[in-house]
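The values are calculated or read from the model by the stated rules, or taken from the named source; none is laboratory data. Bear in mind that the values here come from a model prediction, so they are computed numbers and not experimental data. Quick reminder, even Gly has a Cβ in these numbers, built from the backbone with ideal geometry, and neighbours come from all protein chains shown.
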Amino acid sequence: MIAPERREEHERAELCIVAPLPGMRHLLTGGGRSSTGGIQTQWAALLRCLRGRGWPLTVITESDGSSGASVSMDGMRILSAAPHAGSVRRLARALEAWRLLKAADSDIYLMQGAGPWAAVAAAFSRAHNRRFIFWLASDTDAMCRASAGSRLRRAWRVLAWWGIKRADAVIVQTRRQQQLVRHYLGQNATVVPNVCVSGARDATDSPCGPVLWVSNIRWEKRPLRALQLAEALPQVGLTMIGGPVRGQEGLYDEVKRQAACLPNVSFLGPLPFSQADGYFASASLLLNTSAVEGFPNTFLQAWWWGLPVVSTFDPDEVICRHGFGVHAQSLEGLVAAVGGLLSKAHVRQAMGRAAQAHVRSVHGQEHVLRLLEGVIRQVKSNREADCPWRSEGVAA
């Protein structure tokens, strides 16, 4: 019989978080200036929280280009692949991924975002009687077999689909993703909201500062539409933060060029999360122009700071249902929404107060960790019982 004081420790599983994301190793080790996105920052926060709650953790990250050595930070073991080049790069990366999964030697492997790593992690887990949890990072992850809906190249779509189909549990960010997983993959999924990692201000303080746009510069984020809005509202300042994406460097150069021609636009390029977060303090609202998303972490940052969001994308219609901003799909609608909110400070304040309360209750660390730990414990218990499991979906 397990002593009460040892029961919680006994229930812990050896966890491996598979996070081959650009800048992730730098973010965890503090090794230099790293410009990372919301998913990396969110994972860094979750990892530290899980470690603080006693979970033994190994993290697999993308190489920083200098070394594939294992390091330990804050009680976490961090493994990263050695860099590869040449014609055998893809095969070498697959073999390296398998080696790292084996070196992690964990009970449960958890990763977020569709790609070839999902297939490698799923295959490894099956071959070694381990468990694999997949967490969607975008709506398109569920549509990985549909050429029209997926952002992945054809070969990667098949690998991602194969891996997700063999996951022992699927986690999603929204109820819409839950429906997409059921429709496209025939699986049930658990809703675990994104965790908010940000500073905060009193929502009654609503400065009429610049409109803020924060995202990687890629086509589906539609940064040129933000510049069109700035051109239509020359009296409104627009601050844009975002770095180039591999394969879309030309778009970054074009955005930078056009921004330089508009006197009301300040294009700052890529910034580390800690610096980018500070711009929310002086902004009046957040602008999102994406065609597709998962659940943008920038929404959580904005709402935590008490900013309304004007967006072309509304996950689970949370903006419309709760009044956290304005959902407008056309350029004309965006222009009207931004202009209207900037002229009504009291409306922005009301939206900000409601958004702050929602984020603190639904996207706070305690709530998110409780849901995530519930999935992990269920998978662990079913691993010990050696039976397959698919989660039923938890209300967020």
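Things worth noting here:
- Looking only at the range 353-382, and only at residues there that are modelled with pLDDT of 90 or more and basic (Lys, Arg), the one that is surrounded by the fewest Cβ atoms within 10 Å (Cβ to Cβ): 370
- Residues in the range 110-128 that are outside any helix (DSSP H, G or I) and among the aliphatic types (A, V, I, L, M): 110, 111, 114.
- Of all the listed residues (145, 126, 154, 130), the sole one being of a type in the set (D, E, K, R), over 19 Å from residue 188 (Cα atoms) and out of contact with any strand residue (DSSP E or B) (no Cβ under 9 Å at 6 or more places or on another chain) is 154.
- Scan of the range 254-313 for residues that are β-branched (Val, Ile, Thr) and either at pLDDT below 95 or in a loop (DSSP other than H, G, I, E, B) (or both), ordered by number: 289, 292, 298, 312
- Enumeration of residues in the range 246-261 that are of a type in the set (Asp, Glu) and under 23 Å from the mean Cα position of the chain (by Cα): 249
- Exactly one residue out of 272, 244 is under 25 Å from residue 43 (Cα atoms) and touching a residue at least 40 places away in the same chain (Cβ under 8 Å), and it is 272.
- In the range 227-279, the residues that are of a type in the set (Asp, Glu) and within 22 Å of residue 24 (Cα to Cα): 249, 277
- Residues that are touching an Asp or Glu at 6+ places or on another chain (Cβ under 9 Å) and farther than 18 Å from residue 173 by Cβ, drawn from the range 297-324: 305, 306
- The set of residues from the range 207-245 being β-branched (Val, Ile, Thr) and within 19 Å of residue 345 (Cα to Cα) comprises 211, 236.
- Test: residue 35 is at pLDDT 70 or above and either over 22 Å from the mean Cα position of the chain (by Cα) or not basic (Lys, Arg) (or both): no
- Candidates 278, 294, 269: the one that is touching an Asp or Glu at 6+ places or on another chain (Cβ under 7 Å) and farther than 20 Å from residue 334 by Cα is 294.
- Sole residue being at pLDDT below 95, part of a loop (DSSP other than H, G, I, E, B), surrounded by fewer than 23 Cβ atoms within 10 Å (Cβ to Cβ) and not assigned by TED's automatic domain parsing to the domain that holds residue 297, chosen from 99, 145: 145
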